[in-house]
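Undergrad: The structure follows.
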Amino acid sequence: MDSPLADVERFLAQTPPFDSLEPAALRRAAASFEAVYRRSGTGILRIGERNDTLFLIRRGAVETHDGQGNLIGRYGEGESFGLQSLLGGRPTRFRATLIEDSLLWQMPKADFDDLRAGSRAFDDFYIRSLEERLVGALQESAAGKQSATLFLTPLSELSRRAPISVPRGTPVVDAAKVMSEQGVSSLLVGEGGEVEGILTDRDLRNRVLARGRDPSTPVQEVMTPAPLTLDADSPVLSGIVAMAGRGIHHLPLTRDGVVVGMVTTRDLLSLQTHHPLYMAAQIQKQDTREGVVEVCRRVPKLFELLLASGLRAEEVPKVMSTITDAVTRRLVHLAQAGLGPAPAPWAWLAFGSQAREEQSLKTDQDNGIVYADDAPPDADDYFAALARSVSDGLDACGYVYCPGGIMATTPQWRQPLSGWLRHFAHWSTLPDPEGVLRVSIFFDLRGIEGDQALVARIRAAMVDSASGRGKAVFLTALARQAVQYEVPLGFFRRFVLESRGEHRETLEIKGAGLLPLTDLVRVRALEGGVTVASTRERLAALVARGVMSRSDGDRLDGAYRLLCGLRVRLHAELARRGEAPHNHLDVRRISHAERAALRDAFLVIREAQAALAQDFP
Amino acid sequence: MSTWGAWRQAWARRRSRLPAQVAALARPLPARGTRFEALEIVVLDFETTGLDPARDQILSAGWVPIERGRLRMGGAREVRVRPRGTAGVGQSATIHGLFDSDLAQATDEAGLLAELLPALAGRAIAAHAASIERGFLRALLRRHGGVALPNPFIDTLALERMLLEGAGERIDEYGGALMLGSARQRRGLGTHAQHSAVADALACAELLLAQVEHLGGAARVRLRDLD
């Protein structure tokens, strides 16, 4: 008979870390719980109290606060609280209060300890540090996809089209008509997803036409019977080996014995054109803007394949930015081929997400030009023409014009070095967060092409503007901006999700997480004299300089990677469905572990915001 | 225990010809003034072939204990019962989802009593629409030489009606307002899958915990407020 606690076990089996338990241990865990019901407002743990109970929320919600009344965390269904005191045996540091009528499941410490002793995975969940959990959640979701080579992409990724088949007995002439109408070079013979044989262009040539056979010959007499098939999830590498070794050009893909697709040698060849290295090289080879535009059409496909091939999701934006850089450089070279060499040393600047190397699919251009102060008087005409050409090219390649006009075509953002130094000197005196918000994009800056010495001078000015006499005013305004974002602490219920519009019940992960994180890391970088632009490199530099503790750096890095990775996966999924990219994550569609990690990430960001607010009152 | 309660228990003990019941009745039953937090309760649910205790049969019994105000999951049990005679499950399978094949390994009525009576000893019994469980228990015990149970009965359906009336709410009883699922929804417990006696017993036990909190809490509510 079923276990009497089948429902309880089912719930636990979906709840980390119980989902990692063996069936017998899961059954023991279910039986060691006791349920209580408490009304909203009831205190469950008091500060200073010892806690020897594991609390699991079955229904309802809990908030924890510290002694000063600051909100520490919010927990919902399937989540536990009071863990630090339970695990460490120390008195509770936070008070826990129900914010809804709740059904709580309680497990005595002895049973909890037994489970931890019996399962490594279960124990790991509790003893792993916050940063390990943050990164672990993403890695587990990509389990088994370790290598970053496209050869490990599942074959099914290459074949989107449903296979075309005709039943046994079909006259060859009709089969040929179907192939011609559908524009395919091969046809499957069989019914109900079964593959009896395969008929290819070559068979029609060699076995029908060359032998003068009657067009009404049944297809099974000329087909190749029982062709080799591969599982749709096999890696591309197996497909290449299978086809090359046997001299075949068509490979039906099956799943559970039913044919689901077809891959041809041509598909395999096209795969490598989506490799980022290949694509960057292709961009370099183009002699015309139209050629660059053509290569850029493959960028969305690259984005999808990068993820499918096992590249870590959080690495994808960096690869995408590399492609953007290559496109920009090529467009600059093409423009200069027409305009001639620049009249003075100069550099093409990228701002914002391209500078931070965190580009996703939908991205507009943010750029500028700096040139030497001793340039001839008419130099700006040259750079204006250059800017126009490159900016138009970027737009044609899918990097649309910046709606705010932050482009080298705008005179304000096409300046001699002294002009840029004046800009930064002026910005450093901006007193209000709104003013700072408008210019903060310029503080993420990278030189894409041209004289890097000019870029270095601007970066130095940027740090001066933050650390000189402007520090008090400017950094404080920047810090205020960074702590303004309301970071959601729990998101299991409506109260922090968007409650109206087409993105109902979703979490806007960019505004709620990525923006506050990049903003606060930028403040810390400027404060610490770090001039690199990417968020992860900034964190690494801050830790290396001893300005930030390793654990703080690791936590923020983990939170960044998690948010970045989730965003990339969301965009890839939208691209697959043919929808425009947006940042509204449906939290019901991510795993429990990712949800838990996401809450940890928000906690990390909130703590960093609190520290920032304290340092810049 | 009140004098009346003690007398009734002693009388039942003398009259019962069912050894398992006689043994179970040796344990004193809770007094009506006992607070919920000190009360031992068994929450019970039967799946039956119909609603008439004289004619219909118990196919499955599920129960779960509440002790110290807490639902103890480890004590959850379910016992399936083979129907008497050759009638089988018949049409009722469409309601409870138990088919004759499911009951092939089941015990008989005596086997059910041997497990259930010790679990009920000294405890109050709770059920949703408790008159059904009460009626079937009485009929079952009489068939096996026992007498009606003197245990106090708590009816979560009656408690739900009382809570709603106390709050001055109109009750659409025929519209299902007092059904287990509706009552659970009202107390924020969510729906439950009606697929086994023990699942229903657990669902009912959670509802009882919620009702007691809404009546003033385990430290204040006494048995007499509930039965």
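Undergrad: Determine which member of the set A:A342, A:A347 is in contact with a strand residue (DSSP E or B) (Cβ under 8 Å, 6 or more places away or on another chain), part of a loop (DSSP other than H, G, I, E, B) and in the same structural domain as A:T410 (by the TED database).
TA: Going through A:A342, A:A347 in turn, the sole match is A:A342.
Undergrad: Within the stretch A:7-22, how many residues turn out to be among the acidic types (D, E), within 11 Å of chain B (Cβ to nearest Cβ) and touching a residue at least 12 places away in the same chain (Cβ under 8 Å)?
TA: Count: 1.
Undergrad: Within the stretch A:369-428, count every residue that is touching a Gly at 6+ places or on another chain (Cβ under 7 Å) and farther than 19 Å from A:G338 by Cβ.
TA: The qualifying residues number 2.
Undergrad: Considering each residue of the stretch A:525-542, count those that are assigned to a helix (DSSP H, G or I) and either open to solvent by 10 Å² or more (accessible area, probe 1.4 Å) or out of contact with any Ser or Thr (no Cβ under 6 Å at 6 or more places or on another chain) (or both), and give that number. Don't jump to the end; show me each part of the working.
TA: First, the residues of the stretch A:525-542 that are assigned to a helix (DSSP H, G or I): A:525-527, A:535-542.
In the following step, the residues that additionally are either open to solvent by 10 Å² or more (accessible area, probe 1.4 Å) or out of contact with any Ser or Thr (no Cβ under 6 Å at 6 or more places or on another chain) (or both) were identified as A:525-527, A:536-542.
The total comes to 10.
Undergrad: Out of the residues in the stretch A:37-48 that are assigned to a loop (DSSP other than H, G, I, E, B) and of a type in the set (D, E, K, R), state the one that is farthest from the other protein chains (Cβ to nearest Cβ).
TA: For the stretch A:37-48, the residue satisfying everything is A:R46.
Undergrad: Continuing with this model, one more query. For residues that are among the β-branched types (V, I, T), closer than 25 Å to B:A218 by Cβ and not in a loop (DSSP other than H, G, I, E, B), tally how many sit in the stretch B:1-58. It would help to see each step written out before you state the result.
TA: Here is the first cut: in the stretch B:1-58, the ones among the β-branched types (V, I, T) are B:3, B:22, B:34, B:41-43, B:48-49, B:58.
Then drop every residue that is not closer than 25 Å to B:A218 by Cβ, which leaves B:34, B:41-43.
Pick out the ones that are also not in a loop (DSSP other than H, G, I, E, B) and you get B:41-43.
Here the count works out to 3.
Undergrad: Go through (1) open to solvent by 60 Å² or more (accessible area, probe 1.4 Å); (2) of a type in the set (D, E, K, R); (3) away from chain A (no Cβ under 14 Å) one by one and return the number of the condition B:D155 breaks.
TA: It is condition (1) that B:D155 fails.
Undergrad: Could you please find all residues in the stretch A:543-571 being under 8 Å from the mean Cα position of the chain (by Cα) and surrounded by fewer than 22 Cβ atoms within 10 Å (Cβ to Cβ)?
TA: The answer is A:R569, and nothing else.
Undergrad: Looking only at the stretch A:504-524, which residues are without any contact (Cβ under 8 Å) to a residue 40 or more places away in the chain and surrounded by fewer than 24 Cβ atoms within 10 Å (Cβ to Cβ)?
TA: If the condition is that a residue be without any contact (Cβ under 8 Å) to a residue 40 or more places away in the chain and surrounded by fewer than 24 Cβ atoms within 10 Å (Cβ to Cβ), then A:R504, A:L515 are the ones that fit.
Undergrad: So A:S428 ticks every box in (1) farther than 29 Å from A:Q484 by Cβ; (2) of a type in the set (G, A, S); (3) open to solvent by less than 20 Å² (accessible area, probe 1.4 Å) but one. Which box is left unticked?
TA: Just one mismatch for A:S428, condition (1).
Undergrad: Follow-up question, since we're still on this one. Have a look at A:L311, A:L305 and point out the one that is open to solvent by less than 50 Å² (accessible area, probe 1.4 Å) and under 28 Å from A:V530 (Cβ atoms). Break it down stepwise before answering.
TA: Numbers: A:L305 fails: under 28 Å from A:V530 (Cβ atoms).
The unique qualifying residue is A:L311.
Undergrad: Further question: Residues in the stretch A:456-472: is at least one in a helix (DSSP H, G or I), under 26 Å from the mean Cα position of the chain (by Cα), under 20 Å from A:I406 (Cβ atoms) and modelled with pLDDT of 85 or more?
TA: Of all residues in the stretch A:456-472, those in a helix (DSSP H, G or I) come to A:456-467, A:471-472.
Next, only the ones that are under 26 Å from the mean Cα position of the chain (by Cα) stay: none.
No: the stretch A:456-472 contains no residue that is in a helix (DSSP H, G or I), under 26 Å from the mean Cα position of the chain (by Cα), under 20 Å from A:I406 (Cβ atoms) and modelled with pLDDT of 85 or more.
Undergrad: Moving on. Out of all the residues in the stretch B:108-132, which are over 15 Å from B:L39 (Cβ atoms), open to solvent by 10 Å² or more (accessible area, probe 1.4 Å) and not in a helix (DSSP H, G or I)?
TA: Of everything in the stretch B:108-132, those that are over 15 Å from B:L39 (Cβ atoms), open to solvent by 10 Å² or more (accessible area, probe 1.4 Å) and not in a helix (DSSP H, G or I) turn out to be B:D108, B:H128, B:A129.
Undergrad: Name the residue, out of B:R224, B:R161, B:R220, B:R170, that is surrounded by fewer than 22 Cβ atoms within 10 Å (Cβ to Cβ), of a type in the set (D, E, K, R) and within 14 Å of another protein chain (Cβ to nearest Cβ).
TA: One residue alone meets the criteria, B:R220.
Undergrad: Hey, can you tell me all the residues within the stretch B:173-184 that are away from chain A (no Cβ under 11 Å) and assigned to a helix (DSSP H, G or I)?
TA: Kept after step one, since they are away from chain A (no Cβ under 11 Å), are these residues of the stretch B:173-184: B:173-183.
Correct list: B:E173, B:Y174, B:G175, B:L180, B:G181, B:S182, B:A183.
Undergrad: Out of the residues in the stretch A:23-34 meeting the condition of being at the interface with chain B (Cβ under 7 Å from one of its Cβ atoms) and buried (at least 22 other Cβ atoms within 10 Å of the Cβ), tell me which one is nearest to A:D101 (Cα to Cα).
TA: Once the filter is applied, the top-ranked residue is A:F33.
Undergrad: A follow-up question, please. Looking at the stretch A:421-428, can you tell me whether even one residue there is under 30 Å from A:L566 (Cα atoms) and among the aliphatic types (A, V, I, L, M)?
TA: no
Undergrad: Residues in the stretch A:335-388 that are touching a residue at least 40 places away in the same chain (Cβ under 8 Å) and open to solvent by 50 Å² or more (accessible area, probe 1.4 Å): how many?
TA: 5
Undergrad: Inside the stretch A:543-577, can you point out the residues that are among the small types (G, A, S) and outside any helix (DSSP H, G or I)?
TA: Filtering the stretch A:543-577 down to residues among the small types (G, A, S) leaves A:544, A:546, A:549, A:551, A:553, A:558-559, A:565, A:572, A:575.
Those that are among the small types (G, A, S) and outside any helix (DSSP H, G or I): A:G546, A:S549.
Matching residues to (1) under 26 Å from B:H195 (Cβ atoms); (2) surrounded by 20 or more Cβ atoms within 10 Å (Cβ to Cβ); (3) under 17 Å from the mean Cα position of the chain (by Cα); (4) without any contact (Cβ under 8 Å) to a residue 60 or more places away in the chain:
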{"position": "B:R13", "(1), (2), (3), (4)": "no, no, no, yes"}
{"position": "B:R27", "(1), (2), (3), (4)": "no, no, no, no"}
{"position": "B:G50", "(1), (2), (3), (4)": "yes, no, yes, yes"}
{"position": "B:G74", "(1), (2), (3), (4)": "yes, no, no, yes"}
{"position": "B:R84", "(1), (2), (3), (4)": "yes, no, no, yes"}
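Undergrad: Could I ask something else about it? Please count how many residues of the stretch B:185-200 are out of contact with any Ser or Thr (no Cβ under 9 Å at 6 or more places or on another chain), in a helix (DSSP H, G or I) and more than 9 Å from chain A (Cβ to nearest Cβ). Can you show your working first?
TA: Going residue by residue through the stretch B:185-200, those that are out of contact with any Ser or Thr (no Cβ under 9 Å at 6 or more places or on another chain) are B:186-187, B:189-195, B:199-200.
Checking which are in a helix (DSSP H, G or I) leaves us with B:186, B:199-200.
Checking the rest, the ones that are also more than 9 Å from chain A (Cβ to nearest Cβ) come to B:186, B:200.
Of the residues in that region, 2 qualify.
Undergrad: Only one of (1) assigned to a helix (DSSP H, G or I); (2) more than 14 Å from chain A (Cβ to nearest Cβ) fails for B:L149. Which number is that?
TA: It is condition (1) that B:L149 fails.
The values are calculated or read from the model by the stated rules, or taken from the named source; none is laboratory data. Note that the coordinates shown come from a computational prediction; the quantities given were computed from them, not determined experimentally. Neighbour counts run over all protein chains shown; Cβ positions are idealised from the backbone, glycine included. All accessible areas refer to the heavy atoms of the entire protein, side chains included, with ligands and DNA or RNA removed. Shrake-Rupley method; radii C 1.70, N 1.55, O 1.52, S 1.80 Å.
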